[in-house]
Amino acid sequence: MADTDTGAPPKPLLIAAACLAVLLVAGVAVFGLTRGADPVTDQAEAGPLPLVPIPAFQSGSPDCAKLVGALPHELTSSGNTLVRRKLAEPAPEAAVGWGTGDPVVLRCGLGKPPELNRTSQLRTINKVQWLQVQGEGTATWFVVDRPVYTALTVPDTAGTGPLQTISDVIAANLPAVPLRF
């Protein structure tokens, strides 16, 4: 029944409608917060990760096999957990990827990066020397002081977690060697 003076609905009806709207918004918010995103499920549903083959003549080496076997199932990147992905066939040998969207990708057994020379600026992270090559929206970090060249490509949004974790794995599994120019 309408208010006879203004034609508006009665106050109790307006209050009930407002309460229902608030409860609906609260219910949706609680559902979203409690369900959240499941990174393991979301990444598994993404399917196999396709990687373009590139020349990696030492990818079948015992050093690459040892390194790939020691890599973790998950990486932490800017507070997010990146789960190791299955690679699409034909999968490049000694290659591993983590995460969806812009994944973190490691490739072992590559040739010497052309950017590596005596004046290259190298960065030592957890006892491993890296050469950074900046790309568009990504950076590729080359391990330059181990028996095999290894590249870790990370999106610019990744933070330092993947690089630190992979450095620890490399330091524990591959001996340091003199730089080769």
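Worth a mention:
- Cβ-Cβ under 9 Å pairs, at least 6 apart or on other chains, region 112-130 side open to solvent by 60 Å² or more (accessible area, probe 1.4 Å) and assigned to a loop (DSSP other than H, G, I, E, B), far side modelled with pLDDT under 95 and not basic (K, R): K112/F181; N117/F181; R118/F181
- Residues (at positive phi and open to solvent by less than 40 Å² (accessible area, probe 1.4 Å)) located in region 44-94: G47, A94
- Qualifying residue in region 101-111 (condition: of a type outside the set (A, V, I, L, M), out of contact with any Pro (no Cβ under 9 Å at 6 or more places or on another chain) and either free of Cβ contacts under 8 Å to residues at least 12 places away in the same chain or farther than 15 Å from I54 by Cβ (or both)): no
- Here is the figure for region 95-108: residues that are on the phi > 0 side of the Ramachandran plot and either in contact with a Lys or Arg (Cβ under 6 Å, 6 or more places away or on another chain) or at pLDDT 95 or above (or both) total 1.
- Filter result for L71 (under 21 Å from P178 (Cα atoms), in contact with a strand residue (DSSP E or B) (Cβ under 9 Å, 6 or more places away or on another chain) and modelled with pLDDT of 95 or more): no
- Unmet criterion (only one of (1) open to solvent by 20 Å² or more (accessible area, probe 1.4 Å); (2) under 14 Å from the mean Cα position of the chain (by Cα)) for G97: (1)
- Test: residue in region 140-158 that is touching a helix residue (DSSP H, G or I) at 6+ places or on another chain (Cβ under 9 Å), polar (S, T, N, Q) and either open to solvent by less than 20 Å² (accessible area, probe 1.4 Å) or more than 19 Å from A56 (Cα to Cα) (or both): yes
- Residue count for region 131-177 under the criterion of being part of a strand (DSSP E or B) and under 18 Å from S78 (Cα atoms): the result is 8.
The values are calculated or read from the model by the stated rules, or taken from the named source; none is laboratory data. Owing to the predicted nature of the structure, the values given are computational and were not obtained by experimental measurement. Positions of Cβ are backbone-derived with ideal geometry, glycine not excepted, and every protein chain shown enters the neighbour counts. Just the protein is used for accessible areas: all its heavy atoms, side chains included, with ligands, DNA and RNA removed. Shrake-Rupley method; radii C 1.70, N 1.55, O 1.52, S 1.80 Å.
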